[in-house]
Amino acid sequence: MTIEILRYVGALLLVLALIGAAGIAARKWGVPGVTKSVEQKRLAVVETLMIGPRQRLFIVRRDNVEHLIFTGPDGACLVENGIASAGRNGVA
């Protein structure tokens, strides 16, 4: 009885590990027609900051140019655009 339970738990852990590995692989290399790999993405949310309970600031990067956006209950507003991106590797 305990051997069967251990076998079922082991099989469940194996299946969960395979699902996790498939998710990591899909995120890294992309799934054709569904997602692009991390290196090929042009758009990213760099940072967010909560200003109030329903107000938030976003720094969004597109093609190494960053934009500061304010969002609230009434919509979104572009605060500043054309900010040169420092990039992840320190490359401007």
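Summary of computed values
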item: Cross-chain or 6+ apart pairs with Cβ under 9 Å, the range 70-85 first and without any contact (Cβ under 8 Å) to a residue 24 or more places away in the chain, then aromatic (F, W, Y); result: F70/F58; T71/F58; A76/F58; A76/F70; C77/F70; L78/F70; V79/F70
item: Every residue from the range 20-56 that is among the polar types (S, T, N, Q), in contact with a Lys or Arg (Cβ under 9 Å, 6 or more places away or on another chain) and at pLDDT below 85; result: T35, S37
item: Pairs with Cβ under 7 Å, 6+ apart, first in the range 26-39 and within 21 Å of D63 (Cα to Cα), second modelled with pLDDT under 65; result: R27/V38; K28/S37; K28/V38; W29/S37; G30/K36; G30/S37
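The values are calculated or read from the model by the stated rules, or taken from the named source; none is laboratory data. This structure is a prediction, so every number in the text was calculated from the model and none was measured. Neighbour counts are summed over all protein chains in view; Cβ atoms, including those assigned to glycine, are modelled from backbone coordinates with ideal geometry.
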